[in-house]
Structures are given as structure tokens and as C-alpha cells.
Amino acid sequence: MGETSSVTSADARRSRRDAIVRAAVDVFARRGFPDAGMQEIADQAGVARTMLYQEFASKEQLFEAALASVLDTVDEVVAASRPTGTAGPEALAPVIAAVWDWTDGHPQEARLLYHQTPGVTPESLRLRQDFEDRHIAAAFVYIPGRDVVPATAAKRWSLTSLVVRSVITMGLSVHALRADAAPLRNPPARELRQAAMDVSVRMMRAAASG
């Protein structure tokens, strides 16, 4: 009986924590970090403010948890769309398309990712860096002929790192510029999506031939 009660309590706490993080994503996305209030997040999550602080010691910690949850979701989207085994640069296109479609389908999560500066806390900056590093390490699936001599491998790693960081930065910039009254709000989304795919693939081809 005690074991069942313990499991139920753990599940309830996990559910409460998830609700708080979801509410935090929405509030931070709408208001930005400086203007987001812990009371508003608690109200939206349906918990008392004191309970919120039982889960997260500070506003900074809660922001980091919200950002981490969004980055984890993007990781899942990328993993689900990434080809298995060896593939060429063209295999990057469906990944770009999948992230683009996720962005359009999840505006609040995307707003937090693309509009709220990940570097508002040292930990959020580290989360962003780790995110980039994970995708750099995985990007060699788009580079054929990975078994090369060490000097060539080092050069290819450097070039691929630069390309992947550039693709991520381009995605962040383009989606930020599509929001609200931003400059890229009016061009057809389909054309921008295709352009992003084409540019990303060309950049990866350059890394592959480098």
C-alpha cells in the first residue's frame, strides 16, 4: 500500500512539474523573461505560488527548465526526421522541413526558442551551446566518406561545425523575422521554407566537398 502511495505521489509531482513548465513556456514566450511573473505562471499552471517554488527555486531556474523542454522537443523532431545510416547533404532537407513545420505548429514554443534570448542566464547559454554541439556531432550523417585521414577529418569537423552553427543561426533568425510585424512576415511561408532547405543543403554540400 505504501509503495503504491509513493508511486502515485511521484506521478502527481511529475504531472505538476510538467504543468508548471508548460505554463512557463507560454508565459515566457508571450512576455519575455524580464516581464514574466511567477504568479502568472503559477496561476496558469493551476498551482499555488508556494508550490511553484517547491519545484523551482527561482525564475531563472524555471526559465532554464522551460528552454530545456523546448530544446528537447526540437531534438526529438530532428531525430524523427533524420535518415538512418549514411546519407548525403540532401538528407538535411527533410530535417529542415520538419523543424519548420514544428515551428508553425507550435508557435509559443517556437517563440520562446526564437525570440527570447537563450543567454539570459549562464545555464540557458550552456543549454544552447549543448544543443548546437549535439547537432554538430550528429551532422556527419549528411557527410559521405567520413573515414578519412586525421588531417582531413579535423578540417572536415571544423567546416561541418561552422556549417551546422550557421544553419541553426539562420533558422533562429529567419523564424524570428517571420513573427508578428517582423520583416519576413509577409513573404509566402512555403517559399521561405524551400529557400531555407535549399540554402542549408548547399552549405552542407560545401562542407562535404571541403
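The values are calculated or read from the model by the stated rules, or taken from the named source; none is laboratory data. This one's a predicted model, so the numbers in the text were calculated from it and none came from an experiment. A quick note on method: Cβ atoms are made from the backbone with ideal geometry, for glycine too, and the neighbour counts reach across all protein chains shown.
Has the range 99-118 got any residue that is out of contact with any helix residue (DSSP H, G or I) (no Cβ under 9 Å at 6 or more places or on another chain) and in a helix (DSSP H, G or I)? Yes, because at least one residue in the range 99-118 is out of contact with any helix residue (DSSP H, G or I) (no Cβ under 9 Å at 6 or more places or on another chain) and in a helix (DSSP H, G or I). Taking the range 84-98 as the range and being small (Gly, Ala, Ser) and either in a helix (DSSP H, G or I) or at pLDDT 90 or above (or both) as the test, the residues that pass are ALA91, ALA93, ALA97, ALA98.
Taking residues in the range 60-77 that are within 13 Å of ALA23 (Cα to Cα), and partners anywhere that are among the acidic types (Asp, Glu) and surrounded by 20 or more Cβ atoms within 10 Å (Cβ to Cβ), the pairs with Cβ atoms closer than 6 Å and at least 6 places apart or on different chains are VAL70/GLU109. Report whether or not TYR53 is out of contact with any strand residue (DSSP E or B) (no Cβ under 6 Å at 6 or more places or on another chain), in a helix (DSSP H, G or I) and within 30 Å of VAL141 (Cβ to Cβ). No. Here SER69, SER58, SER81 are screened, and the one residue that is surrounded by 14 or more Cβ atoms within 10 Å (Cβ to Cβ), at pLDDT 90 or above, within 18 Å of LEU127 (Cα to Cα) and polar (S, T, N, Q) is SER69.
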